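Let me begin by presenting the structure, written as C-alpha cells, before commenting on it.
The values are calculated or read from the model by the stated rules, or taken from the named source; none is laboratory data. Treat the numbers as computed from the prediction; the structure is a model and nothing was measured. Note that we place each Cβ from the backbone using ideal geometry, even for glycine, and neighbour counts take in every protein chain shown. The area values use the complete protein model at the heavy-atom level, side chains included, leaving out ligands, DNA and RNA. Shrake-Rupley method; radii C 1.70, N 1.55, O 1.52, S 1.80 Å.
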Amino acid sequence: MPIRKVAILGSTGSIGVNTLDVIRLHPERFKVVALTAGKQIDRLAEQCTEFQPVIAVVADMDGASRLSQILKERNIATQVLQGPAALVAAVMQSDCDTVMAAIVGAAGLVPTLAAAKAGKRVLLANKEALVMSGDLFMQAMQSAGGELLPIDSEHNAIFQCLPPRSSEASQDVFGVEELWLTASGGPFRNTPLSDLSSVTPEQACAHPNWVMGRKISVDSATMMNKGLELIEAFWLFGLPLEKMRVLIHPQSVVHSMVRYRDGSVIAQMGQPDMRTPIAYGLAWPERIQAGVESLDLTQLAALSFSEPDLKRFPCLALASAAAREGGTAPAILNAANEIAVAAFLDAGLPYLRIPEVVEQTLNQMQSVRASSLELILEVDAQARQVAGNTVRKFTH
Ligand code: NAD
Ligand code: MG
C-alpha cells in the first residue's frame, strides 16, 4: 500500500488536531509532509517535533522566527515559511498527494483552490471556501481530476449514503429525491427568545454535542452554520436547493440522510466525533480505525426530529435566501458573518446583532456573477468593510 503524503492546512485547530490523532494511529499509511497554523506557535512546534514535516507555515514573521528557533534547538529540519502565499507553497512544494483543508473562514480559500487545481485528494472541512467560490472550486476539482471528500459531518454522511460516484452521474438515475441535513439546534435551541439578547461568547461556544473552534461554534448557535452547509451541499452534490431540507435533531446521532424515490431513507449514524469523517476521507474507499467509540443504540434515549424555527434562527433564512440568489451573494453573506462573529467574540457586538449585520450588508451590496477568484476576493474585502461599518454602528 503506497503511503499517503498529507498536508494539513490549519493543523492546530480542532479539525487539524483530530486529523493528526487519526494519522497517529496509522504510521504505515500516512506521512505528514506539511503543517500550517495561524498563531499557535507552541502547538505547531510540538506537532512538527512529532511528525517532522517537510514544510511548516505560520501567519507572520514573528511566529516564523520563534518556530524556527524552537525547531533548530530540537534539530528538526522542517522548512519554516510565513504568510498567505506560503500556504500555497505548503500544498505545491511539499510533495503531498492529500490536503486537509481545515483553515477557518475565507483565509482558507486560496490554498484550498490551489489543492483543487493541482489535482490533489482534497479533504474539505473549510466550508467557507465552497460557499464563496463553489462554482470555480468544483470546476477546478473536475478539470484537474482530484478526489473531493467532504469532511463536514453532514456532507460526509450524505456522501456515504449516496451510491458510489453518484456526484459525477445524474442523481436522477439513482432516484435521489432529497437530502436531509440534520442540525443539533445548538445551545439556544430552547432558550426563551427574550433571553437571547444577553447571550455571552462563552455561552454561545458551549455546544451541547460537538467540540469545535469558536467561529463554527457561534455559527452553530445562530444556525448560520446550517445555512452555509446548505450552500456547501448544493455545490458538492449538484441537487437543486428545493431538494434539501434541514431537520433539527438534538442528539446528533444521525449525521444526515438521503431520501430515495422508492421510499427508502438512508442515514449515516455515529458518535458526534469528527475523527469518523476524517478517517473516512483519509482512507477512502477503505475504512480504518478512527479511535472512535462505537455507538451503543441501547444506551441512547429517543431520537427526535423537527423543523427549524426561522424566527429563532434568522441566519438560516438569510443563508437560504443568499443561496437562492446565487452569484456573489453567498460570498457577501459569508464575509459579513465572519466580521459579525469576530465582533461578537471579541468586540462586544450583541448576539442578536449578528443577523442584522449580515442582512444589512447583503442589502447594501449587489450580487453579481462569481466569475473569477479575483472578483470573489474583491467582493469579500468590500463586504468586510460594509459589515465593519455596521458593526461600529452597533458597538458605539
Ligand atoms: P479552529 O478555529 O479550531 O482552527 C482553525 C485553524 O485555522 C487553526 O489551525 C488556525 O491556526 C488556522 N487559521 C485561522 N486563521 C488563519 C489565517 N488567517 N491564516 C492561516 N491559518 C489560519 O477551527 P475548526 O473548528 O478546526 O474549523 C476549521 C474548518 O473546518 C472551518 O471552516 C469549519 O467550518 C470546518 N468544520 C469544523 C468542524 C469541527 O468540528 N470543528 C466541523 C465541520 C466543519
Ligand atoms: Mg457540519
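Looking only at residues in segment 349-396 that are in contact (Cβ under 8 Å) with a residue 60 or more places away in the chain and surrounded by fewer than 16 Cβ atoms within 10 Å (Cβ to Cβ), which one is farthest from A329 (Cα to Cα)?
Step by step, filter segment 349-396, then rank; the result is P350.
Considering only residues that are within 20 Å of the chain's Cα centre (by Cα) and open to solvent by less than 80 Å² (accessible area, probe 1.4 Å), look in segment 29-56 and name the one that is nearest to Q93 (Cα to Cα).
The extreme case among them is A34.
What residue, of I3, I15, I8, is under 29 Å from V292 (Cα atoms), within 16 Å of ligand 2 (Cβ to nearest atom), at pLDDT 95 or above and among the hydrophobic types (A, V, I, L, M, F, W, C)?
I15 is the lone residue from the list that is under 29 Å from V292 (Cα atoms), within 16 Å of ligand 2 (Cβ to nearest atom), at pLDDT 95 or above and among the hydrophobic types (A, V, I, L, M, F, W, C).
Has segment 322-334 got any residue that is over 17 Å from E229 (Cβ atoms) and hydrophobic (A, V, I, L, M, F, W, C)?
yes
Need a quick list: strands (runs of 3 or more DSSP E) entirely within segment 104-199 having at least 2 residues that are over 28 Å from S11 (Cβ atoms) and open to solvent by less than 40 Å² (accessible area, probe 1.4 Å).
Qualifying strands (runs of 3 or more DSSP E): 176-183.
For the list (1) at pLDDT 95 or above; (2) open to solvent by 60 Å² or more (accessible area, probe 1.4 Å), I need the number of the one condition that P277 fails.
(2)
Let's see how each residue does on (1) outside any loop (DSSP other than H, G, I, E, B); (2) in contact (Cβ under 8 Å) with a residue 60 or more places away in the chain:
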position: A7; (1), (2): yes, yes
position: E28; (1), (2): no, no
position: D62; (1), (2): yes, no
position: S65; (1), (2): yes, no
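Pick out the one residue from V246, V258 that is under 20 Å from L162 (Cβ atoms), outside any loop (DSSP other than H, G, I, E, B) and more than 16 Å from ligand 1 (Cβ to nearest atom). Spell out the reasoning first.
Values: V246 fails: more than 16 Å from ligand 1 (Cβ to nearest atom).
Exactly one of V246, V258 is under 20 Å from L162 (Cβ atoms), outside any loop (DSSP other than H, G, I, E, B) and more than 16 Å from ligand 1 (Cβ to nearest atom), namely V258.
Just wondering, is there one or more residues in segment 186-204 that are in contact with a Leu (Cβ under 6 Å, 6 or more places away or on another chain), within 14 Å of ligand 1 (Cβ to nearest atom) and within 19 Å of S320 (Cα to Cα)?
Within segment 186-204, none of the residues are in contact with a Leu (Cβ under 6 Å, 6 or more places away or on another chain), within 14 Å of ligand 1 (Cβ to nearest atom) and within 19 Å of S320 (Cα to Cα).
Pick from V258, V265: which is of a type in the set (A, V, I, L, M) and out of contact with any helix residue (DSSP H, G or I) (no Cβ under 8 Å at 6 or more places or on another chain)?
Only one candidate passes the filter, namely V265.
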